[in-house]
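Peer 1: A single structure is presented below for examination.
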Amino acid sequence: AQKITQTQPGMFVQEKEAVTLDCTYDTSDPSYGLFWYKQPSSGEMIFLIYQGSYDQQNATEGRYSLNFQKARKSANLVISASQLGDSAMYFCAMREGYRGNQGGKLIFGQGTELSVKP
Amino acid sequence: GAVVSQHPSRVICKSGTSVKIECRSLDFQATTMFWYRQFPKKSLMLMATSNEGSKATYEQGVEKDKFLINHASLTLSTLTVTSAHPEDSSFYICSARDIQGAYNEQFFGPGTRLTVL
């Protein structure tokens, strides 16, 4: 069963508008972390934002915010005021079962390709 | 943020040869590093977890004799693709976990594009 699901293979957004990228997850572990990464055409993975399962508030980092709905098991990324440089692949990832210095592997969703139009 | 380097960034080799890819954490020590494989327009697939001083843990379906991983020090892990074949052509990305990081997050290298002729 897919543990991380991104249902939008591609998205378009007009420059300066906001866009929401969807991500749902499935886990029975009460302690987990959710990450969003950006991958431009160069291939590097850029960390954007993190949400812990016990965090009470939604995470925010500049123009990025995470709409965390724990009961629905969703962790959507919201990008405000889109810029041309935001065009890239975006991956949602989950880390579960982390204990001490071992483990902590990430499970990635299928990705969403975002295109920002001028 | 923490910096992870990967070398080489691009390699072309003949079928049957072996290729070594290095992953280094430049400004932090990483007891755990991860190796991923990515096909065009696809997600990252975890191949193995590399722990310093012990054997790597491979994901199901990954041939450990074909993809040799050595985590020789707290800043270096290597992936050797042995007897490479054209189907091994892919984008290989490593990451290193910074336990001192704010979120214990993984920092990724820039990737290595392998082409096997």
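Peer 1: Considering only region A:23-35, how many residues are more than 15 Å from A:Gln69 (Cβ to Cβ) and in contact (Cβ under 8 Å) with a residue 24 or more places away in the chain?
Peer 2: Going residue by residue through region A:23-35, those that are more than 15 Å from A:Gln69 (Cβ to Cβ) are A:28-31, A:33, A:35.
Subset that is in contact (Cβ under 8 Å) with a residue 24 or more places away in the chain: A:29, A:31, A:33, A:35.
Total meeting the criteria: 4.
Peer 1: Is it the case that region A:70-81 has a residue that's within 11 Å of another protein chain (Cβ to nearest Cβ), buried (at least 20 other Cβ atoms within 10 Å of the Cβ), touching a strand residue (DSSP E or B) at 6+ places or on another chain (Cβ under 8 Å) and among the small types (Gly, Ala, Ser)? Spell out how you get there, then give the answer.
Peer 2: To start, the set of residues in region A:70-81 that are within 11 Å of another protein chain (Cβ to nearest Cβ) comprises none.
No, region A:70-81 contains no residue that is within 11 Å of another protein chain (Cβ to nearest Cβ), buried (at least 20 other Cβ atoms within 10 Å of the Cβ), touching a strand residue (DSSP E or B) at 6+ places or on another chain (Cβ under 8 Å) and among the small types (Gly, Ala, Ser).
Peer 1: A further question on this structure: Pick out the one residue from B:Ser18, B:Ser25 that is more than 11 Å from chain A (Cβ to nearest Cβ), of a type in the set (Ser, Thr, Tyr) and within 14 Å of the chain's Cα centre (by Cα). Step through it out loud before you land on a result.
Peer 2: Numbers: B:Ser18 fails: within 14 Å of the chain's Cα centre (by Cα).
After applying the criteria, what remains is B:Ser25.
Peer 1: Out of all the residues in region A:1-33, which are crowded, with 16+ Cβ neighbours inside 10 Å and touching a Phe, Trp or Tyr at 6+ places or on another chain (Cβ under 7 Å)?
Peer 2: If the condition is that a residue be crowded, with 16+ Cβ neighbours inside 10 Å and touching a Phe, Trp or Tyr at 6+ places or on another chain (Cβ under 7 Å), then A:Ile4, A:Leu21, A:Gly33 are the ones that fit.
Peer 1: Given the residues A:Asn67, A:Asn58, which is the only one that is in a loop (DSSP other than H, G, I, E, B), at pLDDT 95 or above and either surrounded by 14 or more Cβ atoms within 10 Å (Cβ to Cβ) or within 12 Å of another protein chain (Cβ to nearest Cβ) (or both)? So that I can check it myself, show each step before the final result.
Peer 2: Numbers: A:Asn67 fails: in a loop (DSSP other than H, G, I, E, B).
Just a single option satisfies the conditions, and that option is A:Asn58.
Peer 1: Checking the structure you have, find out if any residue of region B:99-114 is surrounded by fewer than 19 Cβ atoms within 10 Å (Cβ to Cβ) and at pLDDT 90 or above.
Peer 2: Going residue by residue through region B:99-114, those that are surrounded by fewer than 19 Cβ atoms within 10 Å (Cβ to Cβ) are B:99-104, B:110, B:113.
This time we only want the ones that are at pLDDT 90 or above, so: B:110, B:113.
Within region B:99-114 (the criterion being surrounded by fewer than 19 Cβ atoms within 10 Å (Cβ to Cβ) and at pLDDT 90 or above), the answer is yes, since at least one residue qualifies.
Peer 1: Are there any pairs with C-beta distances below 6 angstrom linking a residue in region B:38-61 that is facing chain A (nearest Cβ under 7 Å) and free of Cβ contacts under 8 Å to residues at least 12 places away in the same chain to a residue that is crowded, with 20+ Cβ neighbours inside 10 Å and in a loop (DSSP other than H, G, I, E, B), with the two at least 6 apart or on different chains, and if so which?
Peer 2: B:Ser43/A:Gly111
Peer 1: Are there any pairs, at least 6 apart or on different chains, whose C-beta atoms fall under 9 Å, with the first in region A:91-118 and closer than 13 Å to B:Met45 by Cα and β-branched (Val, Ile, Thr) and the second surrounded by fewer than 17 Cβ atoms within 10 Å (Cβ to Cβ) and at pLDDT 85 or above, and if so, which?
Peer 2: Filtered contacts from region A:91-118: A:Ile107/A:Lys3.
The values are calculated or read from the model by the stated rules, or taken from the named source; none is laboratory data. Bear in mind the structure is a predicted one, so any value in this text is a computation, not a measurement. Quick reminder, even Gly has a Cβ in these numbers, built from the backbone with ideal geometry, and neighbours come from all protein chains shown.
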